[in-house]
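The next block holds one structure in the form of structure tokens; read it before the comments.
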Amino acid sequence: MKKSSTGKPIYLLAAYLILLAGIFILPDYSAPGYSIIRHTTSELGAQQTPNAWVMNMTFILLGLGSLITGWAALRKFWFHRIALFLFSLSLILVAIFHHMPIDPALTYSVREDDLHSIFASLTGFSFIALAFSTGLVLSKPGARWWAFSIAMMAGVLSALIFYMPQYMGLWQRILFILSFGWMVVVYWKRID
């Protein structure tokens with residue numbers, strides 16, 4: 001595994017930094033009318049959306065970075081590795097099957113949008129399982145509390161996306177920043 005000069009895996013950190021840049025810069029180069037507050041990151045990668053490839057490549061990098069970094073960190077925990085694999089694979093599939101465009105007048109593949117929704121949901125559920133189960137094996141009480149909190153926060157923010165959809169872009173950005181930030185920190189060291 002390629003490591004940085006300090007011996008730490010850097011794949012997830014690099015993908016996270018790309019995510020942070022993409023979710024705040026790419027909207028200026030996306031579909032007309034795109035709003036950071038109202039529209040999700042999936043809509044940055046939507047069908048017939050300018051520069052969608054940037055967000056979709058970011059999803060792929062996040063999936064691969066999570067898998068590579070987490071696999072090494074979770075070397076002794078098979079259940080966690082299964083949850084990590086499902087999370088990473090579904091995130092990559094989110095990039096392959098694209099969301100419908102924000103302009104409903106554009107033609108798009110309903111089947112592809114449906115598959116995107118299925119894989120986006122699987123990404124959320126598998127992340128919650130991964131974060132919660134990681135909390136069960138962390139030795140420091142503060143780290144356990146943080147993992148359980150991240151799992152609960154992911155569930156609450158995901159619910160807010162459906163119950164307050166006028167702010168779904170905001171909820172999802174908070175979710176991504178906290179969730180992937182937590183993964184970078186917790187997987188930076190191997191979990192024993």
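Every read-out reported here was derived from the displayed coordinates using simple, explicitly stated rules and does not represent laboratory data. Just so it is clear, the model here is predicted, and its values are computed rather than measured. Neighbour counts run over all protein chains shown; Cβ positions are idealised from the backbone, glycine included.
In the chain, the alpha-carbon atoms span a convex hull of 109 Å³ per residue. Think of it as helices only: each DSSP H run of n ≥ 4 in the chain is worth -39500 (n - 2.57), and spread over all residues that comes to -23000 deg cm²/dmol at 222 nm. Amide H to amide H distances under 5 Å link residue 75 with 191, where only residues 5 or more positions off or on other chains count and H is placed in the peptide plane. Between the C-alpha center of the range 111-163 and that of the range 29-82 there is a gap of 14 Å.
Over all other residues within a Cβ to Cβ distance under 15 Å of residue 93, the charged ones net out to -2, with Lys and Arg as +1 and Asp and Glu as -1. Just so you know, the Rg over Rh for the range 132-192 is 1.06, from Cα atoms, with Rh as the Kirkwood radius. Sorting 100-113, 62-75, 175-188, 147-160 by their mean Cβ neighbour count within 10 Å, with the most densely packed peptide first, gives 62-75, 175-188, 147-160, 100-113.
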